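K.L.:
I'd like to ask some things about the structure below.
The values are calculated or read from the model by the stated rules, or taken from the named source; none is laboratory data. Since this is a predicted model, take the numbers as computed values, not measurements. Backbone-built Cβ (ideal geometry, glycine too); neighbour counts: all protein chains shown. The protein model used for the area step is the full one, side chains on, heavy atoms only, and it has no ligands, DNA or RNA in it. Shrake-Rupley method; radii C 1.70, N 1.55, O 1.52, S 1.80 Å.
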Amino acid sequence: MGIKESLKKISLARTLNTHLKARDFGREKKFFLENYMYSKPVTKEKLEYSLLYEVHGLEKGFAVREGQRPFGVNRVKMIIKTLNTYDECGFDQGFAYDLAQSALCEYCKLYEEKKWAEREEYQIVSDYLRDKKCSKKHSVGAYDLQRESIKKDASVDYDKFISSRKSVRNYSDKKLSERDIEKAVGIAGKTPSACNRQMCKVYYIESIEGKKVIEKYAQGLKLFALKNANYFIVTFDVSSNYFVGEKNQGWFNAGLFTMNLMNAFHSLGIGSCPVQFGNTFREEEKIKELLNIPQSERISVILVAGYYDEISSVPYSTRKPLEEIYKKR
Ligand SMILES: Cc1cc2nc3c(=O)[nH]c(=O)nc-3n(C[C@H](O)[C@H](O)[C@H](O)COP(=O)(O)O)c2cc1C
């Protein structure tokens, strides 16, 4: 083959490659538009995230300390509308549903205390609650946090704790206890999330077939001692994103969540290492199908974990000096 022809072939291959990458991006865009909060059809998840979103907006009104005025008129109307849709669809009542009803109960209570009961929004909420049991199933509204208690509870050597965590790639043969996993995930659940929508989930891939799926698709497992490795997948649900500007919200929230999960593991003697998820969209869909992960979720990262071995040989991974990461403008 002549030079000219070879160059032509290389150029063709490059164009094809760019086209394939663009197609992968296109699939992600389509997925977002087909699954975000206001896409059709209505699902339980979309309604639940919408409720969490509105409840959080309402809670901020409860937390106003000075000059509190009647608040949340549109929010309570939206919450009632969403709760009614939820009932019409016949979905099982879950946490978000109960939280929203608790929020409406607290709203009425506050309006009564403040002598705002003649207002239209109070009437709308109390009409809605009339034939419902107004039990406070969950803490909702606002409370006062004391500086002294923050000082007391936050007095740990955080730098020492954070500095002692390293990504480890070999693990002891002790089986992970369900109690420790649940404790760690519970701690990670305290991670802040945008409008408190709590869009992240953790899947513990326990079965042999599941582990095989991870080992087939995960990139970046090359230098691990996989014998005692346990796999977790952190996902977020696109149903929680309420407009196109939130197209990256899930990734950011999953990052915060995963870091807290890793630190929670660390506090329990469990070492971990994130493994980047750089698969194509098609591969991601396949993995979700094989691991029975709901369709509207996206895989953000795979976490390899296990109790710390006697010795873990780890790279220094020296950090940049402060002046390279901290700037004033
Ligand atoms: C999002 C993310 C993806 C990562 N992917 C991999 C990976 O695929 N394989 C791997 O061996 N380490 C991976 N790591 C681990 C990093 O190499 C490691 O966190 C970094 O060098 C800092 O070291 P340290 O965690 O020990 O402080 C990843 C870390 C993060 C945060």
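K.L.:
Say we look at region 267-290 and pick out the residues that are open to solvent by less than 20 Å² (accessible area, probe 1.4 Å) and away from the ligand (no atom under 12 Å from the Cβ); which of these is nearest to S172 (Cα to Cα)?
P.N.:
I270
K.L.:
Would you mind finding the one in V238, V234 that is closer than 25 Å to V314 by Cα, under 16 Å from the mean Cα position of the chain (by Cα), at pLDDT 95 or above and among the β-branched types (V, I, T)?
P.N.:
After ruling out the rest, the residue left standing is V234.
K.L.:
Let me spell it out: the conditions are (1) closer than 19 Å to E297 by Cβ; (2) surrounded by 16 or more Cβ atoms within 10 Å (Cβ to Cβ), and K30 meets all of them except one. Which number is the exception?
P.N.:
(2)
K.L.:
Residue check: is R169 assigned by TED's automatic domain parsing to the domain that holds C273, open to solvent by less than 100 Å² (accessible area, probe 1.4 Å) and touching a Cys at 6+ places or on another chain (Cβ under 6 Å)?
P.N.:
Spelling it out, R169 is indeed assigned by TED's automatic domain parsing to the domain that holds C273, open to solvent by less than 100 Å² (accessible area, probe 1.4 Å) and touching a Cys at 6+ places or on another chain (Cβ under 6 Å).
K.L.:
Kindly indicate whether A264 is away from the ligand (no atom under 14 Å from the Cβ) and within 22 Å of the chain's Cα centre (by Cα).
P.N.:
For A264, the condition - away from the ligand (no atom under 14 Å from the Cβ) and within 22 Å of the chain's Cα centre (by Cα) - is met.
K.L.:
May I ask you to list the residues in region 1-27 that are open to solvent by 100 Å² or more (accessible area, probe 1.4 Å) and acidic (D, E)?
P.N.:
Across region 1-27, the qualifying residue is only E5.
K.L.:
Listed residues S193, S177; which is farther than 18 Å from I293 by Cβ and open to solvent by less than 30 Å² (accessible area, probe 1.4 Å)?
P.N.:
Only one candidate passes the filter, namely S193.
K.L.:
Let me ask something else about it. Please state which of the following conditions A117 fails to meet, knowing it meets all the rest: (1) touching a residue at least 24 places away in the same chain (Cβ under 8 Å); (2) in contact with a Phe, Trp or Tyr (Cβ under 6 Å, 6 or more places away or on another chain); (3) open to solvent by less than 50 Å² (accessible area, probe 1.4 Å).
P.N.:
(1)
K.L.:
While we're on this one: Would you confirm whether or not region 228-241 contains a residue that is within 11 Å of the ligand (Cβ to nearest atom) and either surrounded by fewer than 16 Cβ atoms within 10 Å (Cβ to Cβ) or assigned to a helix (DSSP H, G or I) (or both)?
P.N.:
no
K.L.:
Of everything in region 318-329 that's in a loop (DSSP other than H, G, I, E, B), more than 12 Å from the ligand (Cβ to nearest atom) and not basic (K, R), which residue is nearest to K166 (Cα to Cα)?
P.N.:
Selected residue: P321.
K.L.:
Of the residues that make up region 110-130, is at least one at pLDDT below 95, of a type in the set (K, R) and out of contact with any Pro (no Cβ under 8 Å at 6 or more places or on another chain)?
P.N.:
yes
K.L.:
Could you check, for region 301-317, whether at least one of its residues is of a type in the set (S, T, N, Q), open to solvent by less than 50 Å² (accessible area, probe 1.4 Å) and away from the ligand (no atom under 16 Å from the Cβ)?
P.N.:
No, region 301-317 contains no residue that is of a type in the set (S, T, N, Q), open to solvent by less than 50 Å² (accessible area, probe 1.4 Å) and away from the ligand (no atom under 16 Å from the Cβ).
K.L.:
Let me ask another. Out of (1) modelled with pLDDT under 95; (2) closer than 16 Å to L47 by Cβ; (3) hydrophobic (A, V, I, L, M, F, W, C), the odd one out for C134 is which?
P.N.:
Only one criterion in (1) modelled with pLDDT under 95; (2) closer than 16 Å to L47 by Cβ; (3) hydrophobic (A, V, I, L, M, F, W, C) is unmet by C134, namely (2).
K.L.:
Those residues that are open to solvent by less than 50 Å² (accessible area, probe 1.4 Å) and touching a helix residue (DSSP H, G or I) at 6+ places or on another chain (Cβ under 6 Å), I need them from region 57-76; list them, please.
P.N.:
Across region 57-76, the qualifying residues are G57, L58, F71, G72, V73, V76.
K.L.:
I'd like the full set of residues that are under 18 Å from the mean Cα position of the chain (by Cα) and within 16 Å of K81 (Cα to Cα), limited to region 11-42.
P.N.:
M37
K.L.:
Go through region 126-166 and count every residue that is without any contact (Cβ under 8 Å) to a residue 24 or more places away in the chain, within 16 Å of the ligand (Cβ to nearest atom) and surrounded by 14 or more Cβ atoms within 10 Å (Cβ to Cβ).
P.N.:
Here the count works out to 0.
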